[in-house]
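Structure, as structure tokens:
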Amino acid sequence: MKQKIEALILQAIETLKAEGSLERDLATPIVVERTRDPLHGDFASNVAMALAKSAKTNPRALAEKILVAMPSDALLIKMEIAGPGFINFFMDTRAQYQVVSKILLEGEAFGRSQIGAGKKVQVEFVSANPTGPLHVGHGRGAAYGSAVADLLAAVGFQVEREYYVNDAGRQMDILATSVWLRYLETCGEAVIFPSNAYRGDYVRDIASALHEGSGTLYQRAIASVMEAIPADEPQGGDKDIHIDALIERAKLLLGAEQYEAVFQIGLNGILADIKQDLSEFGVDYQHWFSERQLMDDGSIQQALQRLEVAGFLYEQDGATWFASSRLGDEKDRVVVRDNGQSTYFASDIAYHMQKLSRGFDQIIDIWGADHHGYIPRVRAAVEALGGDVDKLKVLLVQFAVLYRGEERVPMSTRSGEFVTLRELRTEVGSDAARFFYMMRRSDQHMDFDLQLATSKTNENPVFYVQYAYARICSVFRQLVEKGFQQDVTQGMEHLALLTESHETGLLTMLSRYPEILERAALQHEPHQLIQYLRELANDFHAYYNAHQFIIEAADLRNARLNLICAVQHVLRNGLHLLKITSPETM
RNA sequence: GCGUUUGUAGCUCAACCGGAUAGAGCACCGGCCUUCUAAGCCGGGGGUUGCAGGUUCGAUUCCUGCCAAGCGCACCA
């Protein structure tokens, strides 16, 4: 409908241009919006105001001309000029009723579209280091990222979800060494566990699994392990020097092959846990992309060569630098350290070169907001590699702060006291967790109140929406119990009986769903859909309280049943799109 | 200090990307269950959109300055 009006206005303006009332080369951005106030009709446009200045006339006079030139349309019953020069459009209510039959006909497909058809988009999200279980901060990225991907898919994009596994680097060596030391404990060695190692219970679990599977294969005497190792921090030493020495010792005592085996067991144990965790949270990926692979297959070398050829690399202080400051970054960045090792950033350059080569029309990176300073250098890298910077979109997710009522829940990754995503899911459930995470704009800080999310008696927005759905299901159960049967055809014939304000309001609300979906997808803002579902639920609850559905008059009864059946479909479509369940009873 | 993001009702947040009288929930006050689930509904109070300028028909939205907060400023990942 919206597009139709836009087309009509465009025609009118073309007509005016043709007859010389308007400059021929006038830019015409047609904007038609739904009105907030029913008094302003169903749709409104501000074209006249937008054009008035460049057309050197006043808005109301121009609006007048446009109205005269507008082609007529059967469903358009009234147009008027209001306020400073808005053109308000009033639609025939028949147009509103059509949405009911459309929804019942299309079912699950209602709201979906093909505006993204033929376009490939990659969404990379979470990508947490595989050094421990996901915590609640990752949960928000997971809920948000998967929703962005699902929304894009719903409007026709070909979407690829990817997780970048940082399986290289020092943190992974610390993990491998942590696993090995816990394993030695299991073997009976008296280990003093390093302060800078991973202390979580999951490391113990992996270690005991290793012990069960391989016996004492990796055991070494603790004396040989600790011999001449610099002191740890609690003993007055430096925790980093201490752990690095232990890593080197582990590599030495185990040999390359056995060290690699322990390393892989640690990595795979945690990756398996992350995959399961995410899957249970409704998040699934097409690709798990390994950083190690970039190192092994020469991608990093290749990427650096490309930068070299393009003239963006130089040597200084024994290191190799990327001149990112020439492309908008605040300073240049090291890509190869003076010890010959490439940096994490070098991996990321190679990774993005990979992404560019895979033929996506759009590449979406979803990062924690603390990485925002990283954006300019990655954009610089993409540009230096000859890629199209506009294809890369980085979306930031702010941290969620957990509260239990008034009390702030402490979080710290290293100490092992952090709240994991899994703990959150068991405490509040996946539905509430996803809903709460997505309720707010992702780039805003949010307070996540566990008490509110778990409450089933208090006002809880998740239950509010689900309850609306369950109530409709209940109506249809009651209908049968009372000996009635829904007659869809009769209902469709009498939709015109739906004249109450609650009913016309719901009709408008329902017809907005496809627009909401489209906007939420293109703007990467799932919270708009959540917001919409809350409003729709609200309108339904109000309707439910104001009018009876199961009544004697068959024509009105069936018309109303068709309407709430449409509401039921849209609620379910929206919830399912966000991977939130729609229980039939509550 | 530099960069960046954010300041909206007592609290948590929206506001269709510049539109008409800035809206919800929680909390507070007052009503509604012999009738389809009261996890619900109806009504009420509550705002100088951090402050000061600017741009224009029109600003919570764009620009500048100031104030305040978060984050970032590694040859870590």
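The values are calculated or read from the model by the stated rules, or taken from the named source; none is laboratory data. Since we're looking at a predicted model, the values are computed, not measured. Glycine also receives a Cβ, built like all others from the backbone with ideal geometry; neighbour counts cover every protein chain displayed.
Scan A:549, A:476, A:448 and give me the residue that is among the aromatic types (Phe, Trp, Tyr), touching a residue at least 60 places away in the same chain (Cβ under 8 Å), in a loop (DSSP other than H, G, I, E, B) and not assigned by TED's automatic domain parsing to the domain that holds residue A:41.
After applying the criteria, what remains is A:549.
Look through the range A:27-59, keep the residues that are modelled with pLDDT of 85 or more and of a type in the set (D, E, K, R), and return whichever of them is surrounded by the fewest Cβ atoms within 10 Å (Cβ to Cβ).
Looking at the filtered set, the residue picked out is A:33.
Can you tell me which of A:401, A:334 is within 12 Å of RNA strand B (Cβ to nearest atom) and over 26 Å from residue A:168 (Cα atoms)?
On inspection, the qualifying residue turns out to be A:401.
Here are some residues: A:10, A:62. Which one is away from RNA strand B (no atom under 15 Å from the Cβ) and either buried (at least 20 other Cβ atoms within 10 Å of the Cβ) or over 18 Å from residue A:91 (Cβ atoms) (or both)?
Result of the check over A:10, A:62: A:10.
For residue A:136, state whether it is in contact (Cβ under 8 Å) with a residue 40 or more places away in the chain, touching a Leu at 6+ places or on another chain (Cβ under 7 Å), closer than 30 Å to residue A:263 by Cβ and surrounded by 20 or more Cβ atoms within 10 Å (Cβ to Cβ).
yes
Would you mind stating whether residue A:549 is crowded, with 21+ Cβ neighbours inside 10 Å and aromatic (Phe, Trp, Tyr)?
No: the conditions fail for residue A:549.
Are any residues in the range A:337-380 of a type in the set (Asp, Glu), within 8 Å of RNA strand B (Cβ to nearest atom) and in a loop (DSSP other than H, G, I, E, B), and if so, which ones?
Listed by number, the list holds a single entry, A:338.
Of the conditions (1) within 24 Å of residue A:564 (Cα to Cα); (2) assigned to a helix (DSSP H, G or I); (3) within 11 Å of RNA strand B (Cβ to nearest atom), residue A:36 satisfies every one except a single condition; which number is it?
Of (1) within 24 Å of residue A:564 (Cα to Cα); (2) assigned to a helix (DSSP H, G or I); (3) within 11 Å of RNA strand B (Cβ to nearest atom), only one is false for residue A:36: (2).
With respect to the numbered conditions (1) in a loop (DSSP other than H, G, I, E, B); (2) more than 8 Å from RNA strand B (Cβ to nearest atom); (3) of a type outside the set (A, V, I, L, M, F, W, C), which one is the sole condition not fulfilled by residue A:441?
(2)
Among the numbered criteria (1) part of a loop (DSSP other than H, G, I, E, B); (2) under 39 Å from the mean Cα position of the chain (by Cα), which one does residue A:161 miss?
All conditions are met except number (1).
Per-residue answers, yes or no, for (1) of a type in the set (Val, Ile, Thr); (2) assigned to a helix (DSSP H, G or I); (3) assigned by TED's automatic domain parsing to the domain that holds residue A:430:
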position	(1), (2), (3)
A:289	no, no, no
A:302	no, yes, no
A:306	no, yes, no
A:311	no, no, no
A:315	no, no, no
A:334	yes, no, no
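Would you please name the residue that is nearest to residue A:14 (Cα to Cα), looking only at residues in the range A:65-81 that are away from RNA strand B (no atom under 16 Å from the Cβ) and without any contact (Cβ under 8 Å) to a residue 60 or more places away in the chain?
So, considering only residues that are away from RNA strand B (no atom under 16 Å from the Cβ) and without any contact (Cβ under 8 Å) to a residue 60 or more places away in the chain, the one nearest to residue A:14 (Cα to Cα) is A:69.
Kindly list the number of the only condition in (1) touching a Phe, Trp or Tyr at 6+ places or on another chain (Cβ under 8 Å); (2) near RNA strand B (Cβ under 9 Å from one of its atoms); (3) aromatic (Phe, Trp, Tyr) that fails for residue A:540.
It fails just one condition, (1).
Checking residue A:85 against (1) without any contact (Cβ under 8 Å) to a residue 60 or more places away in the chain; (2) under 29 Å from residue A:292 (Cα atoms); (3) surrounded by 20 or more Cβ atoms within 10 Å (Cβ to Cβ), only one condition comes out false. Which one?
Failing condition for residue A:85: (2).
Could you tell me which of the residues A:147, A:176, A:153, A:128 is under 30 Å from residue A:350 (Cβ atoms), touching a strand residue (DSSP E or B) at 6+ places or on another chain (Cβ under 7 Å) and of a type in the set (A, V, I, L, M)?
Checking each option against the conditions leaves just A:153.
What is the number of the single condition among (1) more than 9 Å from RNA strand B (Cβ to nearest atom); (2) free of Cβ contacts under 8 Å to residues at least 24 places away in the same chain that residue A:307 does not meet?
Every listed condition holds for residue A:307 apart from (2).
Going through A:212, A:227 one at a time, which residue ends up being surrounded by fewer than 13 Cβ atoms within 10 Å (Cβ to Cβ), under 15 Å from residue A:182 (Cβ atoms) and not small (Gly, Ala, Ser)?
Within the list A:212, A:227, the selection yields A:212.
Specify which of the listed residues (A:518, A:525) is near RNA strand B (Cβ under 9 Å from one of its atoms), under 30 Å from residue A:436 (Cβ atoms) and surrounded by 17 or more Cβ atoms within 10 Å (Cβ to Cβ).
Among A:518, A:525, only A:525 is near RNA strand B (Cβ under 9 Å from one of its atoms), under 30 Å from residue A:436 (Cβ atoms) and surrounded by 17 or more Cβ atoms within 10 Å (Cβ to Cβ).
Please enumerate the residues belonging to the range A:39-59 that are within 9 Å of RNA strand B (Cβ to nearest atom) and among the basic types (Lys, Arg).
A:53
Is it the case, given these coordinates, that residue A:144 is within 30 Å of residue A:364 (Cα to Cα) and in a helix (DSSP H, G or I)?
Taking the combined requirement at face value, the residue satisfies it.
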